[in-house]
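The values are calculated or read from the model by the stated rules, or taken from the named source; none is laboratory data. Quick caveat, the model's predicted, so the values are computed rather than measured. With ideal geometry, Cβ positions are generated from the backbone for all residues, glycine too; neighbour counts draw on all protein chains shown. Please note that ligands, DNA and RNA were not included when accessible areas were found on the heavy atoms of the full protein model with its side chains. Shrake-Rupley method; radii C 1.70, N 1.55, O 1.52, S 1.80 Å.
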Amino acid sequence: MKHRWLGIVGLLFPTLLFAQTVAQSEPGPYARIAIMRALDGHSVEWEAGYVRHLEWHRQAKDTFAWYSYSVWASTERQRWIIYATFGHTAAELSNPVSPAEDERDNLINVLPHAQFLGNGVYEFLPALSRGNGVPTPAPRAEYTTVELNLGAGKAFEAELAAEQPKLQGETLWYRMVVGGNTPRYVCLRPRESLAAILDERVDQALPDKVNGLISKVTVETLNLRPNMLVNVIPEPGR
(Lines give C-alpha, C1' and ligand atoms only; values in the text may rest on other atoms or scores of the structure.)
Protein backbone atom coordinates (compact mmCIF):
# COMPACT_ATOMS: atom_id res chain seq x y z
CA MET A 1 0.00 0.00 0.00
CA LYS A 2 2.85 2.37 0.87
CA HIS A 3 4.47 1.84 -2.52
CA ARG A 4 1.11 2.34 -4.23
CA TRP A 5 0.62 5.75 -2.56
CA LEU A 6 4.16 6.76 -3.45
CA GLY A 7 3.40 5.93 -7.07
CA ILE A 8 0.19 8.00 -7.03
CA VAL A 9 1.99 10.95 -5.48
CA GLY A 10 4.74 10.61 -8.06
CA LEU A 11 2.16 10.77 -10.84
CA LEU A 12 0.29 13.69 -9.31
CA PHE A 13 3.31 15.84 -8.44
CA PRO A 14 4.20 16.90 -12.03
CA THR A 15 0.52 17.74 -12.67
CA LEU A 16 0.27 19.83 -9.50
CA LEU A 17 3.55 21.56 -10.28
CA PHE A 18 2.38 22.39 -13.79
CA ALA A 19 -0.94 23.74 -12.46
CA GLN A 20 0.91 25.92 -9.96
CA THR A 21 3.26 27.23 -12.65
CA VAL A 22 0.33 28.10 -14.94
CA ALA A 23 -1.47 29.84 -12.06
CA GLN A 24 1.61 31.89 -11.27
CA SER A 25 2.12 32.87 -14.92
CA GLU A 26 -1.48 34.01 -15.44
CA PRO A 27 -1.62 37.81 -15.30
CA GLY A 28 -3.79 39.42 -12.67
CA PRO A 29 -6.86 41.44 -13.69
CA TYR A 30 -5.74 44.94 -12.72
CA ALA A 31 -3.82 47.70 -14.48
CA ARG A 32 -2.64 51.06 -13.24
CA ILE A 33 -2.83 53.72 -15.96
CA ALA A 34 -1.67 57.29 -15.35
CA ILE A 35 -0.80 60.37 -17.36
CA MET A 36 1.49 63.36 -17.02
CA ARG A 37 2.80 66.21 -19.13
CA ALA A 38 5.88 68.40 -19.06
CA LEU A 39 5.51 71.88 -17.64
CA ASP A 40 5.87 74.65 -20.20
CA GLY A 41 9.53 75.07 -21.06
CA HIS A 42 10.58 71.96 -19.14
CA SER A 43 10.32 69.27 -21.83
CA VAL A 44 14.03 68.45 -21.96
CA GLU A 45 14.48 68.48 -18.17
CA TRP A 46 11.32 66.46 -17.66
CA GLU A 47 12.32 63.71 -20.08
CA ALA A 48 15.81 63.42 -18.57
CA GLY A 49 14.38 63.35 -15.06
CA TYR A 50 11.79 60.72 -15.93
CA VAL A 51 14.44 58.50 -17.51
CA ARG A 52 16.50 58.86 -14.31
CA HIS A 53 13.47 57.91 -12.25
CA LEU A 54 12.90 54.78 -14.32
CA GLU A 55 16.52 53.87 -13.70
CA TRP A 56 15.73 54.08 -9.99
CA HIS A 57 13.03 51.41 -10.57
CA ARG A 58 15.60 49.16 -12.24
CA GLN A 59 18.13 49.66 -9.48
CA ALA A 60 15.42 48.93 -6.88
CA LYS A 61 14.72 45.64 -8.71
CA ASP A 62 11.10 46.56 -9.32
CA THR A 63 9.41 43.48 -10.77
CA PHE A 64 6.57 45.46 -12.39
CA ALA A 65 6.71 46.00 -16.14
CA TRP A 66 6.26 49.72 -16.81
CA TYR A 67 5.07 50.90 -20.22
CA SER A 68 5.39 54.52 -21.39
CA TYR A 69 3.57 55.93 -24.41
CA SER A 70 3.69 59.44 -25.82
CA VAL A 71 0.40 60.72 -27.18
CA TRP A 72 0.97 61.35 -30.87
CA ALA A 73 -2.50 62.20 -32.20
CA SER A 74 -4.93 63.96 -29.87
CA THR A 75 -6.93 67.18 -29.61
CA GLU A 76 -5.80 67.96 -26.06
CA ARG A 77 -3.01 65.66 -24.91
CA GLN A 78 -0.42 65.69 -27.69
CA ARG A 79 3.06 64.83 -26.35
CA TRP A 80 1.70 63.92 -22.93
CA ILE A 81 2.95 60.62 -21.50
CA ILE A 82 0.68 57.73 -20.57
CA TYR A 83 2.53 55.35 -18.28
CA ALA A 84 1.07 52.09 -17.09
CA THR A 85 1.62 48.66 -15.63
CA PHE A 86 -0.64 45.71 -16.43
CA GLY A 87 -1.54 42.23 -15.27
CA HIS A 88 -1.51 42.59 -11.49
CA THR A 89 -3.50 41.27 -8.58
CA ALA A 90 -4.90 43.66 -6.00
CA ALA A 91 -2.24 42.46 -3.54
CA GLU A 92 0.54 43.27 -6.01
CA LEU A 93 -0.73 46.80 -6.62
CA SER A 94 -0.98 47.26 -2.85
CA ASN A 95 2.68 46.35 -2.37
CA PRO A 96 4.81 48.35 -4.82
CA VAL A 97 8.57 48.41 -4.48
CA SER A 98 9.89 50.83 -1.81
CA PRO A 99 7.06 53.40 -2.01
CA ALA A 100 8.76 55.97 0.23
CA GLU A 101 11.97 55.89 -1.79
CA ASP A 102 9.97 55.90 -5.02
CA GLU A 103 8.18 59.08 -3.94
CA ARG A 104 11.44 60.70 -2.85
CA ASP A 105 13.04 60.02 -6.22
CA ASN A 106 9.94 61.35 -7.96
CA LEU A 107 10.16 64.57 -5.95
CA ILE A 108 13.76 65.04 -7.02
CA ASN A 109 13.66 64.04 -10.69
CA VAL A 110 10.12 64.35 -12.05
CA LEU A 111 7.83 66.67 -10.08
CA PRO A 112 9.87 69.85 -10.65
CA HIS A 113 9.28 69.45 -14.39
CA ALA A 114 5.90 67.73 -14.79
CA GLN A 115 2.23 67.88 -13.92
CA PHE A 116 0.42 64.65 -13.08
CA LEU A 117 -3.07 64.69 -14.60
CA GLY A 118 -4.64 61.33 -13.82
CA ASN A 119 -4.00 58.02 -12.08
CA GLY A 120 -6.50 55.18 -12.11
CA VAL A 121 -6.86 51.47 -11.46
CA TYR A 122 -8.61 49.54 -14.24
CA GLU A 123 -9.94 46.00 -14.44
CA PHE A 124 -9.29 43.96 -17.58
CA LEU A 125 -12.44 42.61 -19.28
CA PRO A 126 -11.57 39.36 -21.10
CA ALA A 127 -15.12 38.77 -22.34
CA LEU A 128 -14.87 41.99 -24.37
CA SER A 129 -11.27 41.57 -25.48
CA ARG A 130 -8.85 39.65 -27.62
CA GLY A 131 -5.65 39.17 -25.61
CA ASN A 132 -4.66 38.49 -22.02
CA GLY A 133 -4.70 42.02 -20.60
CA VAL A 134 -0.95 42.63 -20.88
CA PRO A 135 -0.37 44.51 -24.14
CA THR A 136 2.19 43.51 -26.72
CA PRO A 137 4.88 46.25 -26.61
CA ALA A 138 4.30 47.24 -30.24
CA PRO A 139 5.60 50.55 -31.61
CA ARG A 140 2.09 52.06 -31.96
CA ALA A 141 -1.24 51.76 -30.22
CA GLU A 142 -4.75 53.09 -30.56
CA TYR A 143 -6.13 54.29 -27.22
CA THR A 144 -9.88 54.81 -26.92
CA THR A 145 -11.54 56.32 -23.86
CA VAL A 146 -15.30 55.83 -23.52
CA GLU A 147 -17.39 57.65 -20.93
CA LEU A 148 -20.90 56.30 -20.48
CA ASN A 149 -24.17 57.63 -19.20
CA LEU A 150 -24.80 56.74 -15.58
CA GLY A 151 -26.04 53.16 -15.21
CA ALA A 152 -25.16 52.13 -18.77
CA GLY A 153 -22.18 49.89 -17.93
CA LYS A 154 -23.90 46.51 -18.00
CA ALA A 155 -25.67 47.15 -21.30
CA PHE A 156 -22.44 48.48 -22.86
CA GLU A 157 -20.45 45.42 -21.79
CA ALA A 158 -23.15 43.06 -23.03
CA GLU A 159 -23.12 44.63 -26.49
CA LEU A 160 -19.33 44.53 -26.74
CA ALA A 161 -19.23 40.93 -25.51
CA ALA A 162 -21.63 39.97 -28.30
CA GLU A 163 -19.24 41.54 -30.84
CA GLN A 164 -16.09 40.02 -29.31
CA PRO A 165 -15.82 37.06 -31.76
CA LYS A 166 -15.48 39.55 -34.63
CA LEU A 167 -12.39 41.26 -33.21
CA GLN A 168 -9.35 41.37 -35.48
CA GLY A 169 -6.04 41.52 -33.65
CA GLU A 170 -5.18 42.36 -30.08
CA THR A 171 -7.94 44.45 -28.49
CA LEU A 172 -7.84 45.04 -24.74
CA TRP A 173 -10.78 46.54 -22.85
CA TYR A 174 -10.51 47.81 -19.27
CA ARG A 175 -13.12 49.22 -16.87
CA MET A 176 -12.08 51.97 -14.47
CA VAL A 177 -12.39 50.86 -10.86
CA VAL A 178 -11.03 53.92 -9.05
CA GLY A 179 -9.47 57.19 -10.11
CA GLY A 180 -12.05 59.25 -11.98
CA ASN A 181 -15.60 59.66 -13.22
CA THR A 182 -17.38 56.37 -13.83
CA PRO A 183 -18.56 54.53 -15.81
CA ARG A 184 -15.39 54.89 -17.90
CA TYR A 185 -13.73 52.32 -20.16
CA VAL A 186 -10.50 52.35 -22.12
CA CYS A 187 -9.47 50.16 -25.04
CA LEU A 188 -5.86 49.61 -26.08
CA ARG A 189 -5.02 48.19 -29.51
CA PRO A 190 -1.25 47.67 -29.91
CA ARG A 191 -0.15 47.66 -33.54
CA GLU A 192 3.10 47.65 -35.49
CA SER A 193 2.35 50.79 -37.48
CA LEU A 194 -0.04 53.67 -37.96
CA ALA A 195 -1.10 52.05 -41.23
CA ALA A 196 -2.26 48.95 -39.34
CA ILE A 197 -4.38 51.10 -37.03
CA LEU A 198 -5.96 52.96 -39.93
CA ASP A 199 -6.58 49.82 -42.00
CA GLU A 200 -8.56 48.24 -39.15
CA ARG A 201 -10.51 51.28 -38.01
CA VAL A 202 -13.81 50.20 -39.58
CA ASP A 203 -13.66 46.65 -38.23
CA GLN A 204 -12.78 47.91 -34.73
CA ALA A 205 -15.46 50.61 -34.52
CA LEU A 206 -17.92 50.51 -31.63
CA PRO A 207 -21.23 48.84 -32.56
CA ASP A 208 -24.07 51.22 -33.39
CA LYS A 209 -26.19 49.74 -30.59
CA VAL A 210 -24.03 51.42 -27.92
CA ASN A 211 -24.31 54.95 -29.33
CA GLY A 212 -27.17 55.87 -27.02
CA LEU A 213 -25.20 54.71 -23.98
CA ILE A 214 -22.18 56.93 -24.57
CA SER A 215 -21.62 60.49 -23.39
CA LYS A 216 -18.11 60.94 -24.83
CA VAL A 217 -15.54 59.00 -26.90
CA THR A 218 -11.91 60.01 -27.41
CA VAL A 219 -9.62 58.15 -29.82
CA GLU A 220 -5.87 58.81 -29.64
CA THR A 221 -2.77 57.33 -31.22
CA LEU A 222 0.18 56.45 -28.99
CA ASN A 223 3.87 55.87 -29.65
CA LEU A 224 5.71 53.45 -27.38
CA ARG A 225 8.80 55.08 -25.89
CA PRO A 226 11.67 52.53 -25.89
CA ASN A 227 13.80 54.75 -23.61
CA MET A 228 11.03 54.89 -21.00
CA LEU A 229 10.34 51.21 -20.30
CA VAL A 230 11.08 48.98 -17.33
CA ASN A 231 11.02 45.18 -17.70
CA VAL A 232 9.44 45.55 -21.15
CA ILE A 233 11.11 44.48 -24.38
CA PRO A 234 9.65 46.55 -27.25
CA GLU A 235 8.92 45.01 -30.60
CA PRO A 236 11.04 46.40 -33.45
CA GLY A 237 9.34 49.10 -35.50
CA ARG A 238 8.57 48.58 -39.15
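Couple of notes before you dig in:
- Rg ratio (alpha-carbon, reference 2.2 N^0.38 Å) - the chain: 1.17
- Under Karplus coefficients 6.51, -1.76 and 1.60, residue-wise ³J(HN,Hα) of the stretch 207-215 in Hz, glycine/proline x: x, 4, 5, 8, 4, x, 8, 9, 9
- Of the DSSP H helices in the chain, those whose Cα atoms cover at least 20 Å axially and whose Kyte score averages -1.0 or more: 2-25
- The calculated P(r) of the stretch 74-175, using every Cα pair and 5 Å bins from 0, goes 2, 8, 16, 19, 18, 18, 10, 6, 3, 1 in percent.
- Stretching Arg201 away from Val97 to a fully extended chain increases their span by 33.6 nm, per 0.36 nm per residue minus the current alpha-carbon distance.
- Each residue was assigned an accessible area with a 1.4 Å probe, and for Thr136 the value is about 50 Å².
- Amide hydrogen proximity for Leu39: with H placed 1.01 Å from N in the peptide plane, the residues at 5 or more positions away or on another chain lying under 5 Å are Ala114, Gln115.
- To put it simply, the accessible area of the stretch 64-172 at a 1.4 Å probe is 52 percent carbon and sulfur.
- Taking every DSSP helix (H) stretch of at least 4 residues in the chain, weighting each as -39,500 (n - 2.57) and dividing the sum by the residue count yields a mean residue ellipticity at 222 nm of -9500 deg cm²/dmol.
- Under the convention that each Lys and Arg Cβ holds +1 and each Asp and Glu Cβ holds -1, the size of the dipole of the chain around its Cα centre is about 500 debye.
- Solvent exposure of the chain, expressed per residue, is 57 Å² of accessible area, with all protein chains present and a 1.4 angstrom probe.
- In this simple spin-label model, placing a label point 7 Å from the Cα along the Cα-to-Cβ direction at both Glu55 and Ser193 gives a separation of 3.5 nm.
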